[in-house]
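The values are calculated or read from the model by the stated rules, or taken from the named source; none is laboratory data. None of these values were measured; they are calculated from a predicted model. Here the Cβ positions follow ideal geometry from the backbone for every residue, glycine too, while neighbour counts run over all protein chains shown. Areas reflect the complete protein model, heavy atoms only, side chains present, ligands, DNA and RNA absent. Shrake-Rupley method; radii C 1.70, N 1.55, O 1.52, S 1.80 Å.
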Amino acid sequence: MKRNFFLMMALSLSLAFLGSCAHTVERVDTSETIDLSGRWNDTDSRLVAEEMVNQVLGGAWIDNHQQAHNGKRPVVVVGLVYNKSHEHINAETFVKNVERAFINSGRVRLVQAGDKREELRRERAAQQEFASMETAKAWGKELGADFMLNGDINSIVDTYKKERVNFYKVNMELSNLESNEIVWIGDKEIKKYINN
């Protein structure tokens with residue numbers, strides 16, 4: 001009888017412990033806006049990227065380039081986007097959103113930047129040694145960029161008692177790589193009010 005009592009107690013405690021650890025996970029549409037914390041999130045990244053690309057593709061620099069180069073589409077490289085905000089923001093997801101929008105627009109040509117460009121060069125170097133002469137890709141055939149897009153993400157936080165406002169400002173600049181001339185500047189602001 002004592003044994004059954006202890007078994008029942010152990011089982012009850014185990015079930016109570018397991019019940020307290022349970023949580024619910026629900027799949028939602030990736031385009032649905034869910035803002036749990038008031039911090040920068042996937043929706044902010046997507047909205048800012050869309051706005052930046054709409055602004056940059058609407059600038060006069062594309063038409064100016066095409067007029068000067070017999071209608072050829074400009075070649076763009078997306079450089080660094082610096083996180084100068086108060087929180088950790090994965091700028092890579094934002095950069096990928098911008099690159100995707102550039103490619104999907106069909107108005108510009110996009111080339112790799114940074115580490116990915118170096119990875120391509122390492123592969124090309126390996127091909128010189130290990131691939132057949134007919135299939136090895138030649139050096140000196142890379143497409144040179146005409147313009148580089150860079151930017152930064154800034155933030156200001158204002159708090160009072162249980163209220164907080166997170167303000168984000170993303171600034172982007174497009175520069176001519178040959179002349180260093182800035183040919184376009186854009187920005188997008190997001191403000192979030194949080195009341196705990």
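Conditions (1) in contact (Cβ under 8 Å) with a residue 60 or more places away in the chain; (2) open to solvent by 20 Å² or more (accessible area, probe 1.4 Å); (3) more than 15 Å from SER155 (Cβ to Cβ), marked per residue:
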residue: GLU51; (1), (2), (3): yes, yes, yes
residue: ILE62; (1), (2), (3): no, no, yes
residue: GLN67; (1), (2), (3): no, yes, yes
residue: LYS72; (1), (2), (3): no, yes, yes
residue: VAL75; (1), (2), (3): yes, no, yes
residue: GLY79; (1), (2), (3): yes, no, yes
residue: GLU87; (1), (2), (3): yes, yes, no
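In segment 150-169 there is no residue matching the filter, namely being more than 30 Å from ASN195 (Cβ to Cβ), out of contact with any Asp or Glu (no Cβ under 6 Å at 6 or more places or on another chain) and open to solvent by 40 Å² or more (accessible area, probe 1.4 Å).
Filter segment 89-110 down to residues that are in a helix (DSSP H, G or I), touching a strand residue (DSSP E or B) at 6+ places or on another chain (Cβ under 7 Å) and surrounded by 15 or more Cβ atoms within 10 Å (Cβ to Cβ), then give me how many there are. Talk me through it step by step, then tell me what you get.
Initially, segment 89-110 is screened for residues in a helix (DSSP H, G or I), giving 91-105.
From what's left, touching a strand residue (DSSP E or B) at 6+ places or on another chain (Cβ under 7 Å): 91, 94-95, 98-99, 102-103.
If we keep only those that are surrounded by 15 or more Cβ atoms within 10 Å (Cβ to Cβ) as well, we get 91, 94-95, 98-99, 102.
Of the residues in segment 89-110, 6 are in a helix (DSSP H, G or I), touching a strand residue (DSSP E or B) at 6+ places or on another chain (Cβ under 7 Å) and surrounded by 15 or more Cβ atoms within 10 Å (Cβ to Cβ).
To keep it simple, each residue is scored yes or no on (1) farther than 23 Å from GLY38 by Cα; (2) over 20 Å from the mean Cα position of the chain (by Cα); (3) in a strand (DSSP E or B).
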site	(1), (2), (3)
ILE153	no, no, yes
PHE167	no, no, yes
VAL170	no, no, yes
LEU174	yes, no, yes
GLU178	yes, yes, no
GLY186	yes, no, yes
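With respect to the conditions (1) among the basic types (Lys, Arg); (2) open to solvent by 90 Å² or more (accessible area, probe 1.4 Å); (3) in a helix (DSSP H, G or I), ARG46 falls short on a single one, namely (2).
What number of residues within segment 111-135 satisfy the criterion of being part of a loop (DSSP other than H, G, I, E, B) and of a type in the set (Gly, Ala, Ser)?
Of the residues in segment 111-135, 3 are part of a loop (DSSP other than H, G, I, E, B) and of a type in the set (Gly, Ala, Ser).
Pick from ALA125, ALA138, ALA113, ALA131: which is crowded, with 17+ Cβ neighbours inside 10 Å and aliphatic (A, V, I, L, M)?
On the way: ALA125 fails: crowded, with 17+ Cβ neighbours inside 10 Å; ALA138 fails: crowded, with 17+ Cβ neighbours inside 10 Å; ALA131 fails: crowded, with 17+ Cβ neighbours inside 10 Å.
So the residue among ALA125, ALA138, ALA113, ALA131 that is crowded, with 17+ Cβ neighbours inside 10 Å and aliphatic (A, V, I, L, M) is ALA113.
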